[in-house]
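Can you read through this structure? Questions will come right after.
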Amino acid sequence: MFRRNFLSIADLTNAEIEEIFALADGAQTLRSDRVANGQIMATLFYEPSTRTRLSFESAMHRLGGSVISCSDMKSSSTAKGETVADTAKVVSSYADVLVVRHYWDGAVKAMAEHADVPVINAGDGSHEHPSQTLCDLYTLRKEKGELKGLTVVICGDLKNGRTIHSLVYALARFGANVVTVAANGMELPQYVLERLEKEYGYTLAPVASDDLSAVVTETDALYLTPRQPHQLALFTQLDSTMIQSRFNTMVSGLRYDAFYMTRKQKERMKEGTTGGDYPTIGPRFLSEQRFKDTVVMHPLPRVDELSPEVDKDRRGIYFKQAAYGVPVRMALLKFLFNQRDTKRMPTRRGPAAYQSPEPLGPQCRNPNCITVMEPPSTVRKFDIFTGGPGGALILGCIYCDHRFKVQLVGHIKSKRYCAYDTGLADTVKEWLKKKELAIFNSIKEAEELSYEPYKSGPQRTIMDETEIESAVRDISRQILGDCQEPDRLLILGVRSKGSYLAQRIAVELENQRKTKPEVGEIEIYGSGDEIRRLSAADADAAPLNLKDREVVLVDDVIYTGRTARTALSMIFRSGRPQSVRLAVLVDRGHREVPLKPNYVGKNIPSSERERVRVKLRESDYGEKDKVVIYSIINPNEAGQAEINSERTVNPD
Ligand code: CP
């Protein structure tokens, strides 16, 4: 039987969403027509819920159908170790539609793969909550008319808030503007921003805030807008005046149509962490004249981020938003039942999918992903993208959407592997097309599968241990010379080589100044804490606060500048530093973006076919520090050729 699931907001086109809204407008007719007569809905909620569960159940009853449920999944056979796959398979033989909430990202998708009836995602981990988004859009449309052109300020825990992730994609698709005001350390994850940029053409002005008063003064907040290129990330040294003037030109005269507040998702935070300060909305905040028509929304439940005093205010529309849950979910059920009858197939959009042809293969890096938590319920598949920052090859998990960078690729016929490099993009596309592409998590894994390394061209040492040491010392001296307030200094390394260099710079600074600056690490493709402290001792402390800091971003090599640009945009998204300067050990001279590092260990002009590799004792075990240059040998050309090389190519 053909069935249509609703797992992500991307599963519906804008026209289909409009169709559902039209059905919701006529919910009374759906009720009197008893469109679900004789149908059974099963609700499987592995996490607590009031609104989603009860409004789905109410919707089904009002459509003339009935509901079966498990009052508490802990009292189901889950407690005996039954997988989500088996539960879905079994329960789908008792019901005509499943509504599922689960604490693992991607778990509902895994269940849909094993069910024989339509499955609706009622919230999966921190990933998505698409039916909430339908209620949000419906409410906004009722209150404000057209969605296109609206400006919605989303506030709070944007990292863990699944409602937020579905909502920003939908707002982007309908042409609304989004301003984000995240609590410190709870910014929109990089994978969400990447998707907004790649799939919906949204660019962002990477200026973030840690309190709502920033919106009042228009000096902060991250502003996402369709097709308006921004320039901020192109500067390596921004003072607050520059940020303010640039931001003001973007948002002056802006009308804020809605505040969308969310609670701190404590259940998804590491035990013992509180997450620090959190924005709040109350009558005083709303008294600003220019918020006179700004409605306040919240998916609820609220804790203390939204004052009950706003309940009396005509602009507080969150109870209406919850009430729309019933007509909207009646409409969604009717829509999915219709689809079952009409056999209309949804078309899959997006990048090529990758499944490892080898028994070992890439693994999602999101520790809360269903593929990690319960591998037997999943088939590990990834969306594959070329052209990430620095030309990286990126995999996106099809269950949880988290993205990560590929380090090692192999060719299943020749049984050779090498580090991925932009120069291999066409070759890798060809292998992918022929299903001959292997991707490995580690060299050990490649070698366990009897793969041997491709050889690189001859290598020339261009910086030795002494030169690197002296460059780190020079850079540290210059940093100290430029530093206005050493106590505000934060040395932030781009993982992984940049992080090691950042730590060395910090040690040098300590030698020169007798106090060690704070050191952090930034991960371009992380699964969560993308900017974090490096010292183990305070790993559980509050997130790094970038506000008013003098940040020095450190990387080993700069070439196109794309990695540094991405890192800069993440920094400005996480807080408003006083300044950001860029330090690199090697500048290769070419640039795709107009970035100029402030501190350079050595300029080494090099061509596209050449590779510069920084070897550090912390990561290249048993080796001395050195910088080498070599030519890339295309694996297709290299074939069996034995190249006179010093060493094989290893990943960074
Ligand atoms: N908005 C929402 O998902 O609420 P519940 O957790 O009560 O279902």
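Name, by its number, the condition in (1) in contact (Cβ under 8 Å) with a residue 24 or more places away in the chain; (2) away from the ligand (no atom under 16 Å from the Cβ) that does not hold for Glu305.
Every listed condition holds for Glu305 apart from (2).
Listed here are the residues, each with its yes/no results for (1) touching a strand residue (DSSP E or B) at 6+ places or on another chain (Cβ under 9 Å); (2) more than 12 Å from the ligand (Cβ to nearest atom); (3) at pLDDT below 95.
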| position | (1), (2), (3) |
| --- | --- |
| His127 | yes, yes, no |
| Tyr138 | no, yes, no |
| Glu146 | no, yes, yes |
| Cys155 | yes, yes, yes |
| Lys159 | yes, yes, yes |
| Ile164 | yes, no, no |
| Leu167 | yes, no, no |
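Just wondering, is there one or more residues in segment 102-118 that are within 16 Å of the ligand (Cβ to nearest atom), touching a His at 6+ places or on another chain (Cβ under 7 Å) and part of a helix (DSSP H, G or I)?
yes
Out of segment 40-68, which residues are within 14 Å of the ligand (Cβ to nearest atom), touching a residue at least 12 places away in the same chain (Cβ under 8 Å) and either surrounded by 21 or more Cβ atoms within 10 Å (Cβ to Cβ) or not in a loop (DSSP other than H, G, I, E, B) (or both)? Even if it seems obvious, please write down each step before you answer.
Going through segment 40-68, the residues within 14 Å of the ligand (Cβ to nearest atom) turn out to be 43-59.
Adding the requirement that they be touching a residue at least 12 places away in the same chain (Cβ under 8 Å) leaves 43-47, 49-53, 55-59.
Thr43, Leu44, Phe45, Tyr46, Arg51, Thr52, Arg53, Ser55, Phe56, Glu57, Ser58, Ala59, listed by residue number.
If you check Val90, Val119, which single one turns out to be at pLDDT 95 or above and under 25 Å from the mean Cα position of the chain (by Cα)? Show your work before the answer.
Numbers: Val90 fails: under 25 Å from the mean Cα position of the chain (by Cα).
Just one listed residue meets the conditions, Val119.
Sort out which residues of segment 308-327 are within 13 Å of the ligand (Cβ to nearest atom), surrounded by fewer than 13 Cβ atoms within 10 Å (Cβ to Cβ) and part of a loop (DSSP other than H, G, I, E, B), and write them in order of number.
None; the set is empty.
From (1) of a type in the set (Gly, Ala, Ser); (2) surrounded by fewer than 17 Cβ atoms within 10 Å (Cβ to Cβ); (3) in contact with a strand residue (DSSP E or B) (Cβ under 6 Å, 6 or more places away or on another chain), pick out the condition that doesn't hold for Ser93.
(3)
Step by step: first the residues of segment 98-114, then only those that are aliphatic (A, V, I, L, M) and surrounded by 24 or more Cβ atoms within 10 Å (Cβ to Cβ), then the one that is farthest from the chain's Cα centre (by Cα). Which residue is that?
Of everything passing the filter in segment 98-114, Leu98 is farthest from the chain's Cα centre (by Cα).
Here's a follow-up. So Arg513 passes all but one of these: (1) touching a helix residue (DSSP H, G or I) at 6+ places or on another chain (Cβ under 8 Å); (2) at pLDDT 90 or above. Which condition number does it fail?
Among (1) touching a helix residue (DSSP H, G or I) at 6+ places or on another chain (Cβ under 8 Å); (2) at pLDDT 90 or above, the lone unmet condition for Arg513 is (2).
Next up: Among the residues of segment 141-179, what is the count of those that are among the hydroxyl-bearing types (Ser, Thr, Tyr), over 16 Å from the mean Cα position of the chain (by Cα) and surrounded by 24 or more Cβ atoms within 10 Å (Cβ to Cβ)? Steps first, please.
As a first pass, look at segment 141-179 and keep what is among the hydroxyl-bearing types (Ser, Thr, Tyr): 151, 163, 166, 169.
Still in the list and also over 16 Å from the mean Cα position of the chain (by Cα): 151.
If we keep only those that are surrounded by 24 or more Cβ atoms within 10 Å (Cβ to Cβ) too, we end up with none.
Of the residues in that region, 0 qualify.
I've got another one for you. Checking the condition farther than 20 Å from Arg162 by Cβ, at pLDDT 95 or above and of a type outside the set (A, V, I, L, M, F, W, C), which residue from Asp341, Asp311 passes? Break it down into steps so the answer makes sense when it comes.
On the way: Asp341 fails: at pLDDT 95 or above.
Just a single option satisfies the conditions, and that option is Asp311.
Let me ask you something else. Which one of these does Thr78 not meet: (1) away from the ligand (no atom under 16 Å from the Cβ); (2) touching a Gly at 6+ places or on another chain (Cβ under 8 Å); (3) within 22 Å of Pro367 (Cα to Cα)?
All conditions pass for Thr78, except number (2).
Going residue by residue through segment 236-243, is there one that turns out to be under 17 Å from Ala182 (Cα atoms) and modelled with pLDDT under 90?
There is no residue in segment 236-243 that is under 17 Å from Ala182 (Cα atoms) and modelled with pLDDT under 90.
Which of the residues spanning segment 366-389 are crowded, with 20+ Cβ neighbours inside 10 Å and under 15 Å from Gly125 (Cα atoms)?
Across segment 366-389, the qualifying residues are Asn366, Asn368, Cys369, Ile370, Thr371, Val372, Met373.
Something else now. At least 1 residues that are in contact with a Gly (Cβ under 9 Å, 6 or more places away or on another chain) and over 28 Å from Ile522 (Cα atoms) in each: list the strands (runs of 3 or more DSSP E) lying fully within segment 424-501 that qualify. Show your work before the answer.
Numbers: elements: 437-440, 459-463, 489-494.
Ranges flagged: 437-440.
Considering only residues that are of a type in the set (A, V, I, L, M, F, W, C) and part of a strand (DSSP E or B), look in segment 372-386 and name the one that is farthest from Glu82 (Cα to Cα). I'd like the intermediate steps shown before the answer.
Here is the first cut: in segment 372-386, the residues of a type in the set (A, V, I, L, M, F, W, C) are 372-373, 379, 382, 384-385.
Okay, now just the ones that are also part of a strand (DSSP E or B), so 382, 384-385.
Details: Phe382: 26, Ile384: 32, Phe385: 35 Å.
Checked segment 372-386; the qualifying residue farthest from Glu82 (Cα to Cα) is Phe385.
The values are calculated or read from the model by the stated rules, or taken from the named source; none is laboratory data. Everything quoted here is computed from the prediction, not taken from an experiment. A quick note on method: Cβ atoms are made from the backbone with ideal geometry, for glycine too, and the neighbour counts reach across all protein chains shown.
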